[in-house]
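> Handing you a structure now.
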Amino acid sequence: SLVFQAAFNLLIPDHSADAFSPPRLAPPGPWDALLERLLGGLGRWDAEHFLFIAERGYLFEHNCAFQPLFPLSLRALACLWPPQLQPRSRLLLSAALLNSLLSVLAAAALFGLGRAVLRRRGEAFLAALLFSLSPASVFMAAAYSESMFAFLAFSAMWQLEKGQSWLSGLLFSLASGARANGLINAGFFLYSRGKRFALQLQVGSASVRKLPLMWKQVLSLASSAALMCAGISLPFALFQYYAYVRFCGPGTGLDQTVPEPLLQLARDKGYRVAGMDGAKPPWCSQRFPLVYSYIQDAYWNVGFLRYFEVRQIPNFLLALPVTLLGSWAAWTYVSTNPRHCLTLGLERSKSEEKGKPRDGFCGPAVFVYVVHATALLAFGFSCMHVQVLTRFLGSSSPILYWFPAHLLQEHEPLLWSAGTDNPTSGKPLLSKSPRGKGAPDNPVVRLLLNWRLITPLSKSILGFFLCYWLLGLILHCNFFPWT
């Protein structure tokens, strides 16, 4: 991805986009110019916000739509590079290296989570490989918070599956410091606690009588769930308070002089600058002053069904593949497990009572992840700029990778092999690729090398991942509209 973005950025002239693009305040040196040629494609669109925040803090009001964990990490890493480089160059280099590391760690965390939930090593490994070719790959490489959020969220889910509640809570809390949609991850804790209590009640009447006081257990359950949810929400709440003090507090001053080019940019674009005299922003007078929701509404017109316009049809088409994939995943799971879904997964199934719960994508443990992905899909489709659904789900939900891996394992003969990952369709299995002994162990590479032999479904899945990976590098890195 890094090599291709550099080549495309060099060969294709940048589009003149109406996006946040602060002026460069000093002429670049030779090393700065070289880094811009090599890594400049990683600093487009919202990456400009993250790099600007890391360099100058939350100077403009609309910068507060971006949580602080990622820019703070960039600022810390930038101290490692030679002072001869300009701040933006040091931050851009830090973003490239940090996200390269975090995307690898996120793939490893997804693999571990898949093994714990799917109970199929091969399917979990295939899902991790698909994550490496994610249709949101350009955002995993660029100076965005997607890689950090994916690593923290997948790691937190994995630790929760292993019963490490406090470590999971810490990781979920850090995730909400990287992206605001991390708040919804509190639902995993609530469901985990509720399911444990519901299953405990179903063990038997004798076991229930052994419980000393039921109301104490309920109180303990409620208090621990509330404490965890508060911890997960804390970074977001603290940042909202910081924004309130910075933009709404009386006599708020800046710790630095704002250069005139930035003040001129604010005047030209109508940006509100922190610490400047004038009328308070309207969100300061709200009962619950949330700068995040105000920015989404006032600056980007984000709201329920606001994006449903004829001129947005191209953006809906961009989001169509991930919308269909997410909807198909939800329908497949619900149609396979109707009773399990109706009881919200709180009823012990016969297979669980026998100690042999069903494995794979349609197993009972996947229920909460399907609900999470469906909620994100419904919210994103109806309330957000719909084209961002691809990276929104790609960095938040393992379902975007588990379900395609499930489809490939179930319907692609080249992946059928003896072992625990056998599909239950009863079809004959092929233990080797038609290429013979030289076939690669990597199943994705095996499918790509045998493109003519794979099924149309496999071509559709891999085509979606590869096309969005390549088109994202071409378009996003040159300031063209993308997801």
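> When you go through (1) free of Cβ contacts under 8 Å to residues at least 60 places away in the same chain; (2) closer than 30 Å to Gln240 by Cα; (3) over 25 Å from the mean Cα position of the chain (by Cα); (4) open to solvent by less than 70 Å² (accessible area, probe 1.4 Å) one by one for Cys79, which number turns out not to apply?
(4)
> Would you check which residues across the stretch 277-297 are over 18 Å from Gly177 (Cα atoms) and open to solvent by 60 Å² or more (accessible area, probe 1.4 Å) and list them?
Listed by number, the residues that qualify are Asp277, Gly278, Ala279, Lys280, Pro282, Ser285, Gln286, Arg287, Phe288, Asp297.
> Quick one: in the stretch 151-165, which of the residues that are out of contact with any Phe, Trp or Tyr (no Cβ under 8 Å at 6 or more places or on another chain) and outside any loop (DSSP other than H, G, I, E, B) is surrounded by the fewest Cβ atoms within 10 Å (Cβ to Cβ)?
So in the stretch 151-165, the residues out of contact with any Phe, Trp or Tyr (no Cβ under 8 Å at 6 or more places or on another chain) come out as 151, 154-155, 158-159, 161-164.
From what's left, outside any loop (DSSP other than H, G, I, E, B): 151, 154-155, 158-159, 161.
On the way: Phe151: 27, Phe154: 29, Ser155: 24, Trp158: 24, Gln159: 22, Glu161: 17.
Only one residue fits best here, namely Glu161.
> Starting from the stretch 154-166, keep only residues that are within 18 Å of Val370 (Cβ to Cβ), then list their pairs with residues that are of a type in the set (S, T, N, Q) and open to solvent by 80 Å² or more (accessible area, probe 1.4 Å) whose Cβ atoms are within a distance under 9 Å, requiring at least 6 positions of separation or different chains.
Pairs found: Trp158/Gln164.
Residues checked against (1) at pLDDT 90 or above; (2) within 26 Å of the chain's Cα centre (by Cα); (3) within 30 Å of Tyr244 (Cα to Cα); (4) open to solvent by less than 40 Å² (accessible area, probe 1.4 Å):
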{"residue": "His15", "(1), (2), (3), (4)": "no, no, no, no"}
{"residue": "Arg24", "(1), (2), (3), (4)": "no, no, yes, no"}
{"residue": "Pro30", "(1), (2), (3), (4)": "yes, no, no, no"}
{"residue": "Trp45", "(1), (2), (3), (4)": "yes, yes, yes, no"}
{"residue": "His49", "(1), (2), (3), (4)": "yes, yes, yes, yes"}
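> Among the listed residues Leu344, Leu407, which satisfies the condition of being open to solvent by 50 Å² or more (accessible area, probe 1.4 Å) and of a type in the set (A, V, I, L, M)?
Values: Leu407 fails: open to solvent by 50 Å² or more (accessible area, probe 1.4 Å).
Going through Leu344, Leu407 in turn, just one is open to solvent by 50 Å² or more (accessible area, probe 1.4 Å) and of a type in the set (A, V, I, L, M): Leu344.
> Can you pull out every residue in the stretch 119-136 that is open to solvent by less than 10 Å² (accessible area, probe 1.4 Å) and outside any helix (DSSP H, G or I)?
Residues satisfying the conditions are Ser134, Pro135, Ala136.
The values are calculated or read from the model by the stated rules, or taken from the named source; none is laboratory data. Keep in mind that this is a model prediction, so the values were computed, not measured. Please note: Cβ atoms are built from the backbone with ideal geometry, for glycine as well, and neighbour counts cover all protein chains shown. We work out accessible area using only protein heavy atoms, side chains counted, and drop any ligands, DNA or RNA first. Shrake-Rupley method; radii C 1.70, N 1.55, O 1.52, S 1.80 Å.
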